[in-house]
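Engineer: Starting off with a structure, shown below.
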């Protein structure tokens, strides 16, 4: 009986396997068929193509000028055929976004986006893993590109210019990458606000804005290798933002180079701040590390710790033609700083503003050591000092010193 049944079992198995393979091929065919490419000619509607497309489709827009507002609710790639200079999308309704994206995994690439004078050029809302690249966003009302409650997206190689408020704006948006963008003539070049954490801002150029790069109420981000120049207020400004790394940026000819307001536990390292109103400025900011920066020829101070900026570490910075100013602050540590043609200045209304710092002789003014004495009751300052600072001291002897170009010698 068993032998007689074997051929039937084999035949049934083969039929089952054939049916399974047919199902698999059918599924693959459906998957392949579902990924279509749509072309939009000048005079046709991008929105019509978006409405007809399905998840995974690509829409290629030919050269031309398109006057419309495009809403995207499917996972699509929407790109121009020949780049932003040749493909312009301008708002039909200036009170609406030019592009509005409300789903994940959308790409918008290669358009000039303009004319949303009361809204945003490209608006990504509650959408993750999007790619916004190679666009020119100009003359929009709120921002050239704005992310709202959107995460893990990439914004790269865009030009955002002459938008009323921000070139690029993120609110409540985390773990995004903002790189290789050029933001100029906006109120703020790149703005992260309202709890936008763990973002990467790298290799951007921010010119001629009111603020270059701004973080507000946003933590744990990396700001690296950006160029911020000729901004009215600050090149880089942090407000109520903690635990970020600001590294390898160049800030020049701004109202201020790098400013930290009410911001704690940040690392500011290997930046160049030159010819600004001030180089690096801290206000009510604590437990920050300021190290290996070059601050030169700023109009005010190279590094300024002001208004209750306490417990900060200032080390291995080079300050030329500007110095280090500790104002109304306590318990800061200065080590290994080199100052040329200026010095260290301390000011405050409380004794603790003067005698709680740790400033050792590894700090040099014009190549000679700084002698900072606090609460010393008797002693003689060694010869060869670059600068002498006495805080709550008595019977200290300072003689035979040559102190030049230090701002304040003793």
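The values are calculated or read from the model by the stated rules, or taken from the named source; none is laboratory data. All values derive from a computational prediction rather than experimental measurement. When we count neighbours, we look across all protein chains shown, and the Cβ atoms used for this are built from the backbone with ideal geometry, even at glycine.
Residue-wise test of (1) out of contact with any helix residue (DSSP H, G or I) (no Cβ under 8 Å at 6 or more places or on another chain); (2) surrounded by fewer than 20 Cβ atoms within 10 Å (Cβ to Cβ); (3) on the phi > 0 side of the Ramachandran plot; (4) free of Cβ contacts under 8 Å to residues at least 24 places away in the same chain.
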residue: 325; (1), (2), (3), (4): yes, no, no, no
residue: 328; (1), (2), (3), (4): no, yes, yes, no
residue: 346; (1), (2), (3), (4): no, no, no, no
residue: 350; (1), (2), (3), (4): yes, yes, no, yes
residue: 360; (1), (2), (3), (4): yes, yes, no, no
residue: 365; (1), (2), (3), (4): yes, no, no, no
residue: 371; (1), (2), (3), (4): yes, no, no, yes
residue: 376; (1), (2), (3), (4): yes, yes, no, yes
residue: 383; (1), (2), (3), (4): yes, yes, no, yes
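Engineer: Still on this structure, please answer the following. Would you mind listing the strands (runs of 3 or more DSSP E) fully within segment 173-216 where at least 2 residues are at pLDDT 95 or above and under 16 Å from residue 238 (Cβ atoms)? Give the derivation first.
Structural biologist: Working: elements: 177-179, 182-184, 188-193, 200-202, 205-207, 211-216.
Correct list: 188-193, 200-202, 211-216.
Engineer: Filter segment 260-287 down to the residues that are in contact with a strand residue (DSSP E or B) (Cβ under 8 Å, 6 or more places away or on another chain), surrounded by fewer than 24 Cβ atoms within 10 Å (Cβ to Cβ) and part of a loop (DSSP other than H, G, I, E, B) and list them by number. Show your work before the answer.
Structural biologist: Filtering segment 260-287 for residues in contact with a strand residue (DSSP E or B) (Cβ under 8 Å, 6 or more places away or on another chain) gives 260-263, 266-285.
Now drop any that are not surrounded by fewer than 24 Cβ atoms within 10 Å (Cβ to Cβ), which leaves 261-262, 267, 269-270, 272, 274-275, 277, 283-284.
Scanning segment 260-287 gives 262, 270, 275, 277, 284.
Engineer: Exactly one condition in (1) closer than 27 Å to residue 294 by Cβ; (2) in contact with a strand residue (DSSP E or B) (Cβ under 9 Å, 6 or more places away or on another chain); (3) assigned to a loop (DSSP other than H, G, I, E, B); (4) without any contact (Cβ under 8 Å) to a residue 60 or more places away in the chain is not met by residue 393; state its number.
Structural biologist: Unmet for residue 393, out of (1) closer than 27 Å to residue 294 by Cβ; (2) in contact with a strand residue (DSSP E or B) (Cβ under 9 Å, 6 or more places away or on another chain); (3) assigned to a loop (DSSP other than H, G, I, E, B); (4) without any contact (Cβ under 8 Å) to a residue 60 or more places away in the chain: (1).
Engineer: So is residue 163 modelled with pLDDT of 95 or more, assigned to a loop (DSSP other than H, G, I, E, B), within 22 Å of the chain's Cα centre (by Cα) and surrounded by 23 or more Cβ atoms within 10 Å (Cβ to Cβ) or not?
Structural biologist: On the way: modelled with pLDDT of 95 or more: yes; assigned to a loop (DSSP other than H, G, I, E, B): yes; within 22 Å of the chain's Cα centre (by Cα): yes; surrounded by 23 or more Cβ atoms within 10 Å (Cβ to Cβ): yes.
Considered against the rule, which asks whether it is modelled with pLDDT of 95 or more, assigned to a loop (DSSP other than H, G, I, E, B), within 22 Å of the chain's Cα centre (by Cα) and surrounded by 23 or more Cβ atoms within 10 Å (Cβ to Cβ), residue 163 comes out as yes.
Engineer: Confirm whether residue 306 is in contact with a strand residue (DSSP E or B) (Cβ under 6 Å, 6 or more places away or on another chain), modelled with pLDDT under 95 and either buried (at least 23 other Cβ atoms within 10 Å of the Cβ) or closer than 14 Å to residue 406 by Cβ (or both). Spell out the reasoning first.
Structural biologist: Details: in contact with a strand residue (DSSP E or B) (Cβ under 6 Å, 6 or more places away or on another chain): yes; modelled with pLDDT under 95: yes; either buried (at least 23 other Cβ atoms within 10 Å of the Cβ) or closer than 14 Å to residue 406 by Cβ (or both): no.
When the stated conditions are applied, residue 306 does not pass them.
Engineer: Which one of the conditions (1) under 17 Å from residue 113 (Cα atoms); (2) more than 29 Å from the chain's Cα centre (by Cα); (3) surrounded by fewer than 20 Cβ atoms within 10 Å (Cβ to Cβ) does residue 66 fail to meet, given that it meets all the rest?
Structural biologist: With (1) under 17 Å from residue 113 (Cα atoms); (2) more than 29 Å from the chain's Cα centre (by Cα); (3) surrounded by fewer than 20 Cβ atoms within 10 Å (Cβ to Cβ) applied to residue 66, the lone miss is (3).
Engineer: In addition: Taking the options 109, 137, name whichever one is crowded, with 24+ Cβ neighbours inside 10 Å, touching a strand residue (DSSP E or B) at 6+ places or on another chain (Cβ under 7 Å) and free of Cβ contacts under 8 Å to residues at least 40 places away in the same chain. Even if it seems obvious, please write down each step before you answer.
Structural biologist: On the way: 109 fails: crowded, with 24+ Cβ neighbours inside 10 Å.
When all the criteria are applied, what remains is 137.
Engineer: Now for a different question. What do you reckon, is residue 169 outside any strand (DSSP E or B), buried (at least 21 other Cβ atoms within 10 Å of the Cβ) and without any contact (Cβ under 8 Å) to a residue 60 or more places away in the chain? Working first, answer last.
Structural biologist: Values: outside any strand (DSSP E or B): no; buried (at least 21 other Cβ atoms within 10 Å of the Cβ): yes; without any contact (Cβ under 8 Å) to a residue 60 or more places away in the chain: yes.
Answer is no for this residue.
Engineer: Let me ask something else about it. Conditions first: (1) over 20 Å from residue 253 (Cβ atoms); (2) within 24 Å of the chain's Cα centre (by Cα). Residue 329 passes all but one, so which condition is the exception?
Structural biologist: (2) is the only condition that residue 329 fails.
Engineer: Residues of segment 130-160 being outside any strand (DSSP E or B) and modelled with pLDDT of 95 or more, which ones? First the steps, then the outcome.
Structural biologist: If we filter segment 130-160 for residues that are outside any strand (DSSP E or B), which is where we start, we get 130, 134-135, 139-142, 149-153, 157-158.
The answer is 130, 134, 135, 139, 140, 149, 150, 151, 152, 153, 157, 158.
Engineer: Let me ask something else. Taking residue 300 and the conditions (1) over 25 Å from residue 166 (Cα atoms); (2) modelled with pLDDT of 95 or more; (3) surrounded by fewer than 19 Cβ atoms within 10 Å (Cβ to Cβ), which numbered condition does it fall short on, given that it satisfies the others?
Structural biologist: The failed condition is (2).
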